[in-house]
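Notes for the one structure printed next.
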């Protein structure tokens, strides 16, 4: 797309509302955006697609003035602009609604809308009646049906989101950016939201709509831009494209795992076919009739989007979430997880998603952290056997190759990869029957990642069953004997190694399963390229 | 378990190392020696400025005056390391003292009955604090603010604010006026509480759990620790020690009074914080608490000897506490 401002004399269509020309952005050594272009017209809903890490968030943050960019240019209505703060972006008429809402829950809708710009009377008192009138007039004009007196905290999520959108539209707004607005809405609420978006675009506002849900793209957008690995992967007119082409653009064809890694992964192991853990028909607030089994010596992966219920499956098994119905068996015996302590007693271990919050006491030593989950093994009659505890920590440091000065080093001083190894060290000995792993290599450098894979494979050789959640599909393909796809708290499909053997196919399958809703999984698989 | 300890003997080069390290840990906690330096400076200043300060009698005096704070501060150390606070300790002491004295006057004038009643009442208040905090998820600041008021009110209600006289000589000897290994018993009880505290906090699994719960409650839960039980136990320990302090006080004054030690919770908390505990949890040690308590006791004593007016004493004490905490915090 060529910059079009140069020829001024010729009569042309009005310049697009927003032009992003060849934007570049680096974070340290990482190129987050490479020559990215985006054009949004007035009154248009422009969908922005891409996987996690494709660059959508970075682009949005540049448009909203949170990040500076390294090269390229942004024009609004033909005028070049430069944002060095969110306030500048806001002045230029760009408003962003993030996933995490920024409302004061205890205040009413009207108070929230006019927060910081309340009509004031003499002596600085708020003129309540005028405030109500302004808010009410504004919402009527937008056509958004909200009770202005209701405290925001009492509203259903969709209405809070509309309050947020309405708030974003206060003042002169020309471009509205919605970042995954439907991720926590019910289908009825989505309807309400789409109506509101329609009303906004009719006033000439341009909308950038970021989403993971492809079906919504076809429902609401006029055009689509896909980002992949920080670069443009195509801009489409929605009416002229289809889901397959979008999925291809999102996934790309160069996402194969490096050949060396894959070769190593293919070593065959014999798996004892008896399940060490099985769930049947397990339901609770986030899970729906989950059927799942982990065999002795098996690595079983859980794939799905963030929020699909993958983590919740692990949490339920670990006794962190109450079970409403369904049965669990561990080594063939019926059991109901009651608490983490109970789960640990039954030989279950969890390496949680957020090691800083859930996995480690950062201000304590490696020794204290490693022994925390196994204190009974290092005590007699309740009295600590300090020597045994230190030896155990030193063994763990040696076995897992933790780079630290010693067992008394504070965990806070270690790198991400080494911290994660300490979390693994908590469960090293005795070997758990079932090892639950939630994003085991997030924030871990490549070398440490390979070492962690080694630890996982070693555990499996000793007969542990592993249930692993990962958003890194290459990782799942590399590690897992079976992969279950989770959508909306349900196991939609379970794949056996060999059925799908590269990450690209898995990407396709996930996207198609996600797009086509919960049920049509078989058809989706048949549509895949061979 | 035996095979775990057997090879220990072979690993002797590290064993002495470890012992030294443990001693270091015990002495200095997180902040090297700052506390002891402050204490020594205080001693030097008072010794130079008052001829009566530097004497065995006066030190015994300081020891006796700080016993109540020191004993309770041991429990408070557990509570604060576990990221909680207990404001009710002074009222608990008053209520426990009344319970001990009344129980003795009702049942055989037996010192055992008195002791059990006093310690039991303290433990019960602690249990209530713990259960309300953990089961109803009310911040312990609010729970214990409530029990502070309730326990004091109950202590006053049982006798309509009148003191209860104690006449049991054995009780006086054991808790207030006797000597043990040449020490006045109040000091012996303080040492006993310290030793139990050191053992529990630094050598027992319970201590590990306390540190973990305070350092990161979520990680502790994910490691299979019953965080509610551990937190409740810390409150029970503190309540029980407030009960012990009540026995010491009532044995010394031959009576239990419902209006004693009002506001002492602040001295206790100040001692623990001075001693190096973090109000954000996960950090602290018993010996630090002892010195924190001694610093406060020495300040009280030295300022009196210097003839500083009591309003001025309050101002100086407060300023020194703030300065010390500002100085020792990370």
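Worth pointing out:
- Checked against the criterion of being touching a helix residue (DSSP H, G or I) at 6+ places or on another chain (Cβ under 6 Å), more than 8 Å from chain A (Cβ to nearest Cβ), buried (at least 22 other Cβ atoms within 10 Å of the Cβ) and assigned to a helix (DSSP H, G or I), the candidates B:234, B:212 yield just one match: B:234.
- Unique residue being more than 30 Å from residue B:230 (Cα to Cα), in contact with a strand residue (DSSP E or B) (Cβ under 7 Å, 6 or more places away or on another chain) and at pLDDT below 95 when the list is B:105, B:110: B:105
- The residue of the range A:290-311 that is surrounded by the most Cβ atoms within 10 Å (Cβ to Cβ), among those that are out of contact with any helix residue (DSSP H, G or I) (no Cβ under 9 Å at 6 or more places or on another chain) and under 16 Å from residue A:475 (Cβ atoms), is A:310.
So that you can scan it fast, the table gives a plain yes or no per residue for (1) surrounded by fewer than 17 Cβ atoms within 10 Å (Cβ to Cβ); (2) in contact (Cβ under 8 Å) with a residue 40 or more places away in the chain; (3) in a helix (DSSP H, G or I):
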| residue | (1), (2), (3) |
| --- | --- |
| B:41 | yes, no, yes |
| B:47 | yes, no, yes |
| B:52 | yes, yes, no |
| B:57 | yes, no, yes |
| B:67 | no, yes, yes |
| B:70 | no, yes, yes |
| B:75 | no, yes, yes |
| B:78 | no, yes, yes |
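- Test: residue in the range B:180-196 that is touching a strand residue (DSSP E or B) at 6+ places or on another chain (Cβ under 8 Å) and not in a helix (DSSP H, G or I): no
- Checking residue B:307 against (1) part of a helix (DSSP H, G or I); (2) within 22 Å of residue B:58 (Cβ to Cβ), the condition it does not meet: (1)
Residue-wise test of (1) part of a loop (DSSP other than H, G, I, E, B); (2) closer than 23 Å to residue A:441 by Cβ; (3) touching a strand residue (DSSP E or B) at 6+ places or on another chain (Cβ under 6 Å).
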| site | (1), (2), (3) |
| --- | --- |
| A:286 | yes, no, no |
| A:297 | yes, yes, no |
| A:302 | no, yes, yes |
| A:307 | yes, yes, no |
| A:311 | no, yes, yes |
| A:319 | yes, no, no |
| A:326 | no, no, yes |
| A:337 | yes, no, no |
| A:341 | no, no, no |
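- Verdict on residue B:251 being crowded, with 22+ Cβ neighbours inside 10 Å, within 14 Å of the chain's Cα centre (by Cα) and part of a helix (DSSP H, G or I): no
- The lone exception for residue A:208 - which of (1) farther than 13 Å from residue A:44 by Cα; (2) in contact with a strand residue (DSSP E or B) (Cβ under 6 Å, 6 or more places away or on another chain) it fails: (1)
- Sole residue being facing another protein chain (nearest Cβ under 9 Å), over 28 Å from residue A:330 (Cβ atoms) and surrounded by fewer than 21 Cβ atoms within 10 Å (Cβ to Cβ), chosen from A:406, A:387, A:398, A:382: A:387
- Unmet criterion (only one of (1) closer than 30 Å to residue A:342 by Cβ; (2) within 14 Å of chain A (Cβ to nearest Cβ)) for residue B:198: (1)
Table: residues versus (1) within 14 Å of chain A (Cβ to nearest Cβ); (2) at pLDDT 90 or above; (3) out of contact with any helix residue (DSSP H, G or I) (no Cβ under 7 Å at 6 or more places or on another chain).
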{"residue": "B:202", "(1), (2), (3)": "yes, yes, no"}
{"residue": "B:225", "(1), (2), (3)": "yes, yes, no"}
{"residue": "B:238", "(1), (2), (3)": "no, yes, no"}
{"residue": "B:246", "(1), (2), (3)": "no, yes, no"}
{"residue": "B:261", "(1), (2), (3)": "no, yes, no"}
{"residue": "B:273", "(1), (2), (3)": "no, no, no"}
{"residue": "B:281", "(1), (2), (3)": "yes, no, no"}
{"residue": "B:290", "(1), (2), (3)": "no, yes, no"}
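- Looking only at the range B:154-170, and only at residues there that are surrounded by 14 or more Cβ atoms within 10 Å (Cβ to Cβ) and under 29 Å from residue B:87 (Cβ atoms), the one that is nearest to the chain's Cα centre (by Cα): B:155
- The condition of being assigned to a helix (DSSP H, G or I), surrounded by fewer than 23 Cβ atoms within 10 Å (Cβ to Cβ) and either at pLDDT 90 or above or not assigned by TED's automatic domain parsing to the domain that holds residue A:274 (or both) holds for only one of A:417, A:447, that being A:417.
- Strands (runs of 3 or more DSSP E) contained entirely in the range A:18-61, each with at least 1 residues that are surrounded by fewer than 21 Cβ atoms within 10 Å (Cβ to Cβ), free of Cβ contacts under 8 Å to residues at least 60 places away in the same chain and more than 24 Å from the chain's Cα centre (by Cα): A:18-27
- Qualifying residues in the range A:415-429 (those that are more than 10 Å from residue A:355 (Cα to Cα) and in contact (Cβ under 8 Å) with a residue 60 or more places away in the chain) - the one nearest to the other protein chains (Cβ to nearest Cβ): A:426
- Selection status of residue B:319, farther than 29 Å from residue B:152 by Cα, in a helix (DSSP H, G or I) and over 20 Å from the mean Cα position of the chain (by Cα): no
- Residue, farthest from residue B:205 (Cα to Cα), within the range A:345-363, restricted to residues that are within 8 Å of another protein chain (Cβ to nearest Cβ) and buried (at least 22 other Cβ atoms within 10 Å of the Cβ): A:352
The values are calculated or read from the model by the stated rules, or taken from the named source; none is laboratory data. These numbers were taken from a predicted model, which means no experiment stands behind them. No Cβ is skipped: glycine too gets one built from the backbone with ideal geometry, and neighbour counts run over all protein chains shown.
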